[in-house]
Amino acid sequence: MPLINPPLTKEDFINSGWQNVVNSSDRKECGAYNRVFWNKAQEAKEAGNFREQFVFEILVVVTGAAIQPRSNEKFLAKFVERLTDEHLDFLAEIVGEVSDPELQARIADILWTSKRRDSYKMAQLAVTDYLKSAAELEDPENWTLCFAKIERALWLARKINHKFEDVVAHIEKVLERCL
């Protein structure tokens with residue numbers, strides 16, 4: 001992915017219309033956003049709007065990441081290598097602007113994995129937002145999406161020793177509702 005000069009900003013992100021993609025998605029999950037972000041990147045490219053194209057291309061990489069509940073740093077480091085320092089700086093700038101817990105958790109997880117400044121804070125944010133995402137995705141008939149988010153939150157919480165008890169309490173509440 002080429003670099004853009006001047007670098008992308010929070011305003012580029014806000015103006016891109018990313019929120020429309022998230023709002024229009026029936027399933028609030030990165031896999032559902034990925035294809036639409038890719039389509040938006042192609043539309044922006046055809047329109048010659050390169051800043052918007054690059055915003056969506058970064059979001060395609062972020063949402064296309066194969067982060068699994070037990071993904072370790074070695075696995076994730078290979079993924080993070082696809083993002084330049086400029087891309088990671090952009091993600092660090094926008095993470096606070098992301099209102100969707102699924103997307104915010106994914107960005108925070110990537111920033112934690114990249115060992116950037118405030119990475120511990122990003123891991124904490126990822127734990128909290130993976131639980132919020134799990135709550136939004138909770139469905140007794142199709143529990144796998146919810147389960148993967150909870151399991152990732154549990155793995156991160158144990159790894160950084162943060163809110164482990166909260167994650168366990170969340171799991172217990174889900175089990176009570178679903179059994």
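The values are calculated or read from the model by the stated rules, or taken from the named source; none is laboratory data. Here the structure is a predicted model, which means the values were calculated and not measured. Counting neighbours? That spans all protein chains shown, and the Cβs are built from the backbone with ideal geometry, glycine included. In case anyone asks, the SASA skips ligands and DNA or RNA and just uses the protein heavy atoms, side chains included. Shrake-Rupley method; radii C 1.70, N 1.55, O 1.52, S 1.80 Å.
Could you tell me which numbered condition residue 94 fails, if it satisfies all but one of (1) open to solvent by less than 10 Å² (accessible area, probe 1.4 Å); (2) in a loop (DSSP other than H, G, I, E, B)?
(2)
Which of the following residues is farther than 24 Å from residue 61 by Cα, without any contact (Cβ under 8 Å) to a residue 40 or more places away in the chain and open to solvent by 20 Å² or more (accessible area, probe 1.4 Å): 158, 116?
Every option except 158 fails the conditions.
Only one residue in 126, 153, 135 is within 16 Å of the chain's Cα centre (by Cα), open to solvent by 20 Å² or more (accessible area, probe 1.4 Å), within 24 Å of residue 96 (Cβ to Cβ) and among the small types (Gly, Ala, Ser), so which one is that?
Criteria check complete, one pass: 135.
Of the residues 32, 77, which single one is closer than 19 Å to residue 91 by Cα and modelled with pLDDT under 95?
Every option except 77 fails the conditions.
One line per residue, one yes/no per condition, for (1) on the phi < 0 side of the Ramachandran plot; (2) of a type in the set (Phe, Trp, Tyr); (3) within 16 Å of the chain's Cα centre (by Cα):
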| residue | (1), (2), (3) |
| --- | --- |
| 13 | yes, yes, yes |
| 26 | yes, no, no |
| 35 | yes, no, yes |
| 41 | yes, no, no |
| 50 | yes, yes, no |
| 60 | yes, no, yes |
| 63 | yes, no, yes |
| 67 | yes, no, yes |
